[in-house]
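The values are calculated or read from the model by the stated rules, or taken from the named source; none is laboratory data. This is a predicted model, so every value here is computed, not measured. So basically every Cβ, Gly included, is an ideal-geometry build from the backbone, and we count neighbours across all protein chains shown.
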Amino acid sequence: MKTKFSVLLCLAALLSSCAGTQEQPQAESNDSQAVIENIMTRTSVRRFTSQPIAADTLETIVKAGMAAPTAMNIQPWSFVVVTERAVLDSLESVHPYSNLATATAAIIVCGDMQKYNDDTLRQYWVQDCSAATENILLAAHGLGLGAVWCGVYPSAERVSGVRHVLELPGNIVPLNLIAMGYPDGEFAPKDKWNPEVIHYQKW
Ligand SMILES: Cc1cc2nc3c(=O)[nH]c(=O)nc-3n(C[C@H](O)[C@H](O)[C@H](O)COP(=O)(O)O)c2cc1C
């Protein structure tokens, strides 16, 4: 609970710094710790309570997604936010591992192929939308929510199923759907630290 509170403080500090407010040096140090703790404690959550997510919370999370870096700053994304049970159920019927049975929301991160006027640059759409996805996962975790990245692209079947359910235009490709809600239980992060995969200066 204390952790969640400090992460909320951190997010508030980050948003106020975006608005141009000056922070005290000590506060920055605590905020930095909270940012690292948020990254290290995030884990996929696949079981949720029935508590709905407020619309402004979902908007804050999508805003975090849009803060991600993108090649040439193209920002080739569109996001579909789903909270209606019927639509969540339809999405679940076209994605066998979507974890939407108890989710109260889903954010579908999509690439907009019309944002690129260059075929080489277009190849970066997956990286660009993946960066947005990780921001969304971290923002959700920082706000006390649980979430899981459920891959859609490059499965042709899932892309076509999600496209059909959400009535996406042809230029919009769904990269993933993020199932979301308040966690039903405690979920421990996996320890992935492996110093053997780090190389300094050269391989
Ligand atoms: C590209 C991608 C596709 C994924 N697809 C699914 C999925 O369809 N269903 C699912 O339950 N989890 C999916 N995951 C979540 C991974 O299983 C999870 O991130 C991984 O096991 C590591 O666990 P962690 O997120 O708790 O660190 C996906 C993750 C990524 C990055």
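Tabulated data for the structure shown
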quantity	calculated
Verdict on residue 75 being part of a helix (DSSP H, G or I), under 15 Å from residue 172 (Cα atoms) and more than 16 Å from the ligand (Cβ to nearest atom)	no
Unique match (being at pLDDT 95 or above and away from the ligand (no atom under 16 Å from the Cβ)) among 19, 55, 68	55
Counted residues, region 158-180 - those being closer than 20 Å to residue 101 by Cβ and either within 15 Å of the ligand (Cβ to nearest atom) or outside any helix (DSSP H, G or I) (or both)	9
Selected residue [within 16 Å of the ligand (Cβ to nearest atom) and over 12 Å from the mean Cα position of the chain (by Cα)] from 149, 193, 203	193
Residue in region 131-154 that is farther than 28 Å from residue 35 by Cα and surrounded by fewer than 18 Cβ atoms within 10 Å (Cβ to Cβ) present	yes
Residue match in region 111-118 (condition: assigned to a helix (DSSP H, G or I), away from the ligand (no atom under 16 Å from the Cβ) and surrounded by 15 or more Cβ atoms within 10 Å (Cβ to Cβ))	yes
Unique match (being closer than 18 Å to residue 44 by Cα, outside the structural domain of residue 34 (by TED's automatic domain parsing), touching a Phe, Trp or Tyr at 6+ places or on another chain (Cβ under 6 Å) and within 12 Å of the ligand (Cβ to nearest atom)) among 132, 103	103
